[in-house]
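Worksheet for the structure shown next.
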Amino acid sequence: DGTSGGGSIVILQRDGSQIEQTVASESGDFGFYVPVGNYAVRVLKDGYLDNTVSGTLSDPNTPLRLDVAVSPR
């Protein structure tokens with residue numbers, strides 16, 4: 001059962017290395033502006049299990065949506 005990621009730390013990784021970090025809005029939304037490539041998004045929130053989702057951005061003019069659910073510990 002996923003819950004809102006509001007206030008979560010969101011880490012963007014490329015090739016296993018952190019390249020950016022942000023905090024999700026109260027509704028759990030976040031965004032990064034990046035070039036075409038393969039990425040992973042890791043979400044961290046106190047009291048919840050960490051979760052990572054991967055995706056490939058193939059068109060810089062079309063947003064890539066990654067839904068990352070966080071579940072209570």
(1) 14.0; (2) 12.5; (3) 12.1, with the label sought being that of the calculated Kirkwood radius over Cα pairs in Å: (2)
Long-range HN-HN contacts of V70 with modeled amide H, under 5 Å: T3
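We did not get these values from a lab; they are worked out from the coordinates using the rules stated. This is a predicted model, so every value here is computed, not measured.
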